[in-house]
Amino acid sequence: MTAGLNIKVNVWRMVQQTDDEIGGAMLSGTLVFNNLPARIETNRPSVLLLDQGLDVDESFQMIFHPCAVRERDEIEVSWPSQHRFYQKRMRVVALQNTSMNPLDSRDYMSVTLRRKDYAHT
């Protein structure tokens, strides 16, 4: 098992629904993985962008055991409840697999996440 996995996350697959009678469509999510052990870390923003006074999106690196996560999936922290990102959603923007054998218990997947804020709940 990969050392240091100290949180659990849920992975949601987002699907665009068909238009309703008014012409609008809502995103709908399906829970793909439940309570997946993981570890999250904040990426440092570029000093060059900060010096210019630009707003920089929060981005994160997360590692967990390899699974069928795709870009545009959403990840939310499900445990512990005291975590600062508890029940907050982040969108997967990049995936990276290791060169280890997938059957090796030490194998892991690294994903880059961006913070997701909903305008309407």
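Taken together, the values in this text are just the output of simple stated rules run on the coordinates, not laboratory data. Given the structure is predicted, the values throughout are model-derived calculations rather than measurements. Glycine gets a Cβ as well: all are built from the backbone with ideal geometry, and neighbour counts include every protein chain shown.
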Completion exercise
So, with points 7 Å from each Cα along the Cβ direction, the Leu31-Asn101 label distance in nm works out to 3.4 nm
Handout entry: Summed side-chain charge close to Ile40 - residues other than Ile40 whose Cβ falls under 12 Å, Lys, Arg +1, Asp, Glu -1
Key = +2
Handout entry: Per-residue HN-Hα couplings for region 100-109 [Karplus 6.51, -1.76, 1.60; θ = phi - 60°; Hz; x = Gly/Pro]
Key = 6, 5, x, 7, 6, 5, 8, 5, 8, 10
Completion exercise
Taking 29-41, 90-102 and ranking on average Cβ neighbours within 10 Å, highest first, one gets 29-41, 90-102
Completion exercise
Counting sequence-distant residues (5 or more places) and residues on other chains, those with an amide H built under 5 Å from that of Val69 are none
